[in-house]
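J.: The structure that follows is given in the form of structure tokens.
The values are calculated or read from the model by the stated rules, or taken from the named source; none is laboratory data. The shown structure was predicted, so the numbers you read here are calculated from the model rather than taken from an experiment. Every residue, glycine among them, receives a Cβ derived from its backbone with ideal geometry; neighbour counts consider all protein chains shown. Just the protein is used for accessible areas: all its heavy atoms, side chains included, with ligands, DNA and RNA removed. Shrake-Rupley method; radii C 1.70, N 1.55, O 1.52, S 1.80 Å.
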Amino acid sequence: MRTVLALGIVKGLIAQIIGTALGMGLVIVIRLLGGRPAWEAEPIVVVGALVGAIGLLIGAGVFSDWFKWTRGEETPMRHGPPEGKPAWTRYFGVDYSHKVIGVQYTVTGILLLLVAGSLAMVFRLELAHSGIQFLDAATYNTYMSAHGIVMIASILLGVGGMANYLVPLMIGASDMAFPRLNALGYWVNVPGALLVLAGMVVGGWNTGWTGYPPLSAQAPMGVQLFFLGVYFIGLSSILGAVNLIVTTLRMRAPGMTLFRMPIFVWAMLATSIIQLTATQLIGLSFLMVVVQRLLGMGFFDPSLTNEAIILGSTPGAPVLFQHLFWFYSHPAVYVFVLPGLGIISELLPVFARKPLFGYKWIAMSSMAIALVGFLVWGHHMFVAGIESSLRVPMMFSTMLVAVPTGVKFFSWVATIWQGKLSFPTPMLFVLAAISVFLIGGLSGPPNATVSTDMFLHDTYWVVGHFHATMFGGFVFPFFAAVYYWFPKVTGRKYNETLGKLHFWLMTPGFWLQSLGQMRIGLLGMRRRIVDYDPALGIDTGQLLITIAGFVIAFSVLIMLYNLITSARSQEVAESNPWRSRSPEWQIPSPIPEESYARPVVIVGEPYDYGLPGSVYARMSPVGASGAPE
Amino acid sequence: MRHFIIVAVLVAIVTAIVTFGLESAQLLPPVASAEGQQVDRLFGLHIQVIAFLFSLIVVFMVYSIVVFRRKRGDTGDGANIHGNTKLEIAWTVAPLAAVLFFSFLGARQLADITAASPDEMVIEVTAQQFAWRFDYPEYGISSAELNLPQGRQILFKLTATDVIHSFWVPEFRVKQDAVPGKTTTLRVTPTETGQYKIRCAELCGTGHHSMLATVNVMQPADFEAWVAQQTAPQPSATGSELGAQIAQLQGCIGCHSVDGSQRVGPTWLGLYGTQEALEDGSSVLVDEEYLQQSILDPAAQITKGFPNVMPPTYKDSLSQEEVAALVEYIKSLGEE
């Protein structure tokens, strides 16, 4: 009991409750001092949520070292589990090891995946047949909106998990450049996710994850907690990106030039550049709606009060929000998929026993996607009422994204061509990822040309398209990565039979779901509706999509069962079961507290499979200079 | 080399099969506008390219999986090939040319389907939660159903009174958002007579799914007859008849059904004279006074199970006589 109460997360949650009460009390006091009635739900709840979230971070101990620094105290970097506590407790509190933080990110991401997936199961059941079965429109809207944003949070956490765990290992570094910032980067997600989920309770919201005003300006109060939660999750992206860029640029092992980095590191570098420079815009756009609702600053309010007209104000612009929002939220798509595409490129050579075909082209294609991604946001707004002078250039720039994406596909195919392929579970998921991302990618250009998009926009075709890009670009590669590095993280083998069962359920299930969504979209099914017209003739299609969705959900449960039971089993994994050349596979599993007892030196190319006697990473002899302290 | 010949043949065969499959699957609903026919042509071209690229990648993958799988007991590596710059350049430049070509086609088509024709008819579309209203300035007609003459280009001028909506008739293909505070435009030339539905395509709140309106594309003569009927001097409607017209044009029926079906607001069928349970636990008799108050100040008494989403603006936009007519109409629906 004592141990549990001392956990960072428990202390944080208690502090959050206290902070929320303080924040709410503060507003009530100010209101009373100003001679207003004590209670008005929205400002009181919003300020309470904000103070509570900060309370959680303080209570968990995220800022403790920095507070000590302001008092002039030094705090040596702590290694290993907290003194006198069992080893598992470090995963429930603030810990500075990138390996612990990586696991924290990944597990939290999977938990949110379960939450968001369960919401989808509920409304998929509703949508299995036309007519309203059991879900009223308001609840459906809240579930659908929460499904979207919680999945996005889950993906961002999954990306953070892979980045934090793998990048320092892959470049032969002892840890991330800023371990304390790294811990903060993870922990801000906790109140972020809690606020979004709390938003479902305090009225829910009906805006989808895009939160367009004026609808979001008049939505139920839950929308405010959704906005605040996203703000915190976005902060995590920015902090994580700073850390990753500095780590990658400054902490690589001797001999690891940029073009000798594992390809996943390139993908994460490109991802981090987007996160660092674009995330502010979604934070800004959401904050502006928060302020519009709380303080009446009508940024996006097209109506003018009489006073405002006398003062010569110009009306707010609803479409402005969409520009700000999509300037982040389109590049965000590449934040979700670039790491996954990096995983595909990373794993294919290992299981094909052949060098990655066109390494530099793949590395540069990630950078190209990241950069072009900043110029394409307008394609979400082709029917929003923007000028043709904006629609046409945005169409050209959007279509350009197909070029670097094509380079990746062709290079992957060339990598497996004439290889010696083996098919354990991670490789199966990589191949599934390519096939699913192919559907997602190929269904993109019809959305990118303006005239066809005027038909496809806001239909289920788009739903099918982006679920295919998300599953092919993130979910399948993420699962591949989980299986692939599971022996490294836990030191145990996973169950290969269950892994393959997961694959054989999920891949056909997903194909059916995604192609089904595209098909009913073309027949007239709109996005984000609780009920549809039986005259569209899509009842059968909807039923099949629901069944496919449940098959996917079931297969994910099989994976969790597999991972949990395997981690507790006694079957010890070899240190390098995949015969990989990457540095993290040259050290014991599970990885000791100090990853590299002897510094890594890079002496060759990362993917030189098939070249006898070649080595990528070599451990320097004991006692060589440059050893970590 | 032998591998490449086999794969090339397979790619050709699979492309043919996929193309045939997609074309015979009837992917699109019937098309009913000139703009839609153009959109369908470009979409068809997209589908052909998709069929080819899909087959190209999948055949190469499946062939590799089958032919280049590791033989049992073979622990050796594959060939040490790092890449081929000429190939990389080729598969960068060829897709680049393809996407530029498609963008060019898309730009040209956009110019075509947004071009004005000299005899186009303007229809003003006003969207509100959760109903549509159509004004024909040429004739001075307002309608809750959209009647269109076949073969004449329509310039829709769209706006919204509350949140963003989107005007979409799947058979016309093209869609356009209706944005509060500004006017957006969309051009459609109906080519097939028949009845269609406008389906709001932009999430607009609780009743989004039910924000539909009927579209009738008519022979020009029938359309003229409808216009004549609408514009002919008529004995002005009074009482419940006037109320029914107001309910249509003000969008009341977007939320309140008159046939008992469930929408965002309570149905009006059989409402009058009943005891209505309220959100605060009390109940109220639905009489004239209650109905009038609910129209003018919707937040005053909220019916249980129907969160208040009704605009509070009707006290400004409706005259006293109009409110009375609406009450009269609701009353008439109560007398079963």
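J.: Please give, to one decimal in nm, the separation of the simple spin-label points placed at A:V246 and B:E192, each 7 Å out from Cα toward the Cβ.
T.: Computed distance between label sites A:V246 and B:E192 equals 6.3 nm.
J.: Also: Per residue, what accessible area does segment A:529-581 have, given a 1.4 Å probe and all protein chains present, in Å²?
T.: 49
J.: Any idea of the accessible area per residue across segment B:239-335, 1.4 Å probe, to the nearest Å²?
T.: For segment B:239-335, the per-residue accessible area is 52 Å².
J.: Can you tell me the order of A:390-403, A:243-256 when each peptide is scored by its average per-residue count of other Cβ atoms within 10 angstrom, highest first?
T.: Going by the mean number of other Cβ atoms within 10 Å, highest first, we get A:390-403, A:243-256.
J.: Okay, moving on. If you count the DSSP beta bridges with both ends in segment B:74-162, what percent of them are antiparallel, to the nearest 5?
T.: 55
J.: Per-residue counts of other Cβ atoms within 10 Å, averaged by peptide: what ranking do you get for A:46-57, B:270-281, highest first?
T.: A:46-57, B:270-281
J.: Now a separate question. Note down the magnitude of the dipole of chain A about its Cα centre, charges +1 on Lys and Arg C-beta and -1 on Asp and Glu C-beta and zero elsewhere, to the nearest 20 debye.
T.: 1240
J.: Please compute the modelled spin-label separation between B:D74 and A:S620, points set 7 Å along Cα→Cβ, answer in nm with one decimal.
T.: Spacing of the two 7 Å Cα→Cβ label points: 4.1 nm.
J.: Considering only protein heavy atoms and a probe of 1.4 Å, how much of the accessible area of segment A:72-154 is carbon and sulfur, as a whole percent?
T.: 66
J.: Let me ask something additional. List the lysines whose Cα sits under 28 Å from the Cα of A:K68, skipping any in the same chain fewer than 8 residues away.
T.: Within the straight-line limit of under 28 Å, A:K68 reaches these lysines: A:K11, A:K85, A:K99.
J.: Still on this model: Describe numerically, in nm with one decimal, the distance between label points set 7 Å from Cα along Cα→Cβ at A:L611 and at B:S117.
T.: 6.6
J.: Calculate the dipole size of chain B relative to its Cα centre from +1 charges on Lys and Arg beta carbons and -1 charges on Asp and Glu beta carbons; express the result in debye to the nearest 20.
T.: Charge dipole of chain B: 2600 debye, to the nearest 20.
J.: Round to the nearest 0.05 the FRET efficiency obtained for B:D259 and B:T313 when R0 = 30 Å and r is the Cβ-Cβ distance.
T.: Between B:D259 and B:T313 the formula returns 0.70.
J.: Work from the charge dipole of the protein assembly as shown (Cβ charges, +1 for Lys and Arg, -1 for Asp and Glu, about the Cα centre) and give the residue of B:L212, A:I369, A:L258 farthest towards its positive end.
T.: Most positive-ward Cα: A:L258.
J.: How big is the antiparallel share of DSSP beta bridges in the protein assembly as shown, given as a percent to the nearest 5?
T.: DSSP beta bridges in the protein assembly as shown are roughly 70 percent antiparallel.
J.: Still on this structure, I have one more. Hey, got the average number of other protein chain Cβ atoms within 10 angstrom for residues in A:458-466?
T.: Mean inter-chain Cβ contacts per residue within 10 Å come to 2.
J.: Of the peptides B:30-41, A:165-176, how do they stack up when ordered by the mean number of other Cβ atoms within 10 Å, highest first?
T.: Ranking the peptides B:30-41, A:165-176 by packing returns A:165-176, B:30-41.
J.: What size of dipole, in debye to the nearest 20, comes out for segment A:414-503 about its Cα centre when the only charges are +1 on Lys and Arg C-beta atoms and -1 on Asp and Glu C-beta atoms?
T.: 600
J.: A further question follows. Using a Förster radius of 41 Å, what is the FRET efficiency between B:A97 and A:A535 based on their Cβ-Cβ separation? Nearest 0.05, please.
T.: FRET efficiency, B:A97 to A:A535: 0.45.
J.: Relative to the isolated chain, which residues of segment A:517-548 have their accessible area cut by 30 Å² or more in the presence of all protein chains (1.4 Å probe, heavy atoms, no ligands or nucleic acids)?
T.: Going by heavy-atom accessible area, the residues of segment A:517-548 that drop by at least 30 Å² are A:R519, A:L522, A:L523, A:G524, A:R526, A:R528, A:D533.
J.: Moving to a separate point now. Which percentage, to the nearest 5, of the DSSP beta bridges contained in chain B is antiparallel?
T.: 70
J.: Here is a further query. Which one of B:L203, B:G140, B:I154 has its Cα pushed farthest toward the positive end of the charge dipole of segment B:121-231, where Lys and Arg give +1 and Asp and Glu give -1 at the Cβ?
T.: My answer, from the dipole projection, is B:L203.
J.: Per residue of A:131-139, what is the mean number of Cβ atoms on other protein chains within 10 angstrom of that residue's Cβ?
T.: 3
J.: I'd like the trypsin sites (Lys or Arg not before Pro) in segment B:181-274 restricted to DSSP loop residues with at most 16 other Cβ atoms within 10 Å, sorted by number.
T.: Loop-located and lightly packed - B:K182.
J.: Report, ordered by chain and residue number, the lysines lying within cross-link reach of B:K182, taken as a straight Cα distance under 16 Å and ignoring same-chain residues fewer than 8 apart.
T.: Correct list for B:K182: B:K157.
J.: If R0 is 35 Å, what FRET efficiency do you get for B:F4 and B:D40 from their C-beta distance, rounded to 0.05?
T.: Given R0 = 35 Å and the Cβ-Cβ separation, E is 0.45.
J.: What is the mean number of Cβ atoms from other protein chains located within 10 Å of the Cβ atom of each residue in peptide B:67-79, rounded to a whole number?
T.: For peptide B:67-79, the averaged partner shielding equals 6.
J.: Cross-link candidates for A:K420: which lysines have Cα within less than 30 Å, leaving aside residues fewer than 8 places away along the same chain?
T.: A:K354, A:K360, A:K408, A:K488, A:K493, A:K500, B:K71, B:K86
J.: Mind listing which GluC sites (Glu not before Pro) in segment A:36-111 are in a DSSP loop and have 10 or fewer other Cβ atoms within 10 Å?
T.: A:E73, A:E74, A:E83
J.: Right, another one. Which parts of segment A:541-572 would a label at A:L501 reach, counting a residue when its backbone N lies under 13 Å from a point 7 Å out along Cα-to-Cβ?
T.: Output list for this probe position: A:554-563, A:565-566.
J.: Multiply the residue gap between A:L258 and A:V122 by 0.36 nm, knock off their C-alpha separation, and tell me the result in nm, one decimal place.
T.: Computed gain between A:L258 and A:V122 is 44.3 nm.
J.: Could you run the numbers on buried accessible area between B and A, total for both chains, 1.4 angstrom probe, in Å² to the nearest 100?
T.: Answer for the B-A pair: about 7600 Å² buried.
J.: Relative contact order of segment A:377-518: what whole-number percent is it, with Cα pairs under 8 angstrom and at least 6 residues apart?
T.: 29 percent.
J.: So for segment A:415-513, taking the charge dipole from beta-carbon charges (+1 Lys/Arg, -1 Asp/Glu), which of A:H457, A:G491, A:A480 sits furthest toward the positive end?
T.: So the residue we want is A:G491.
J.: Could I ask something else about it? Please report the relative contact order for chain A, taking Cα pairs under 8 Å with a sequence separation of at least 6, and give it as a percent rounded to a whole number.
T.: 13
J.: For A:L294 and A:D136, compute 0.36 nm times the residue count separating them, minus their Cα-Cα distance, and round to one decimal in nm.
T.: This chain segment gains 54.1 nm when fully extended.
J.: Got a sec to turn the phi values of segment A:378-395 into Karplus ³J(HN,Hα) couplings, 6.51 cos²θ - 1.76 cosθ + 1.60 with θ = phi - 60°, whole Hz, x for Gly and Pro?
T.: x, 6, 7, 10, 4, 10, 7, x, 9, 5, 4, 5, 9, 5, 5, x, 5, 5
J.: While we're looking at this one, here's another question. At a threshold of 8 angstrom on Cα-Cα distance, excluding pairs fewer than six apart, so keeping six or more, what relative contact order does segment B:239-335 reach in percent?
T.: Relative contact order here is 39 percent.
J.: Going through the DSSP H helices of chain B, which span 24 Å or more along their own axis at the Cα atoms while scoring at least -0.5 as a mean Kyte-Doolittle hydropathy?
T.: B:2-24, B:34-67, B:85-113
J.: Hey, what number do you get for chain A at 222 nm if only DSSP H runs of n ≥ 4 count, each worth -39500 (n - 2.57), divided across all residues, to the nearest 500?
T.: The helix contribution divided over chain A gives -21500 deg cm²/dmol.
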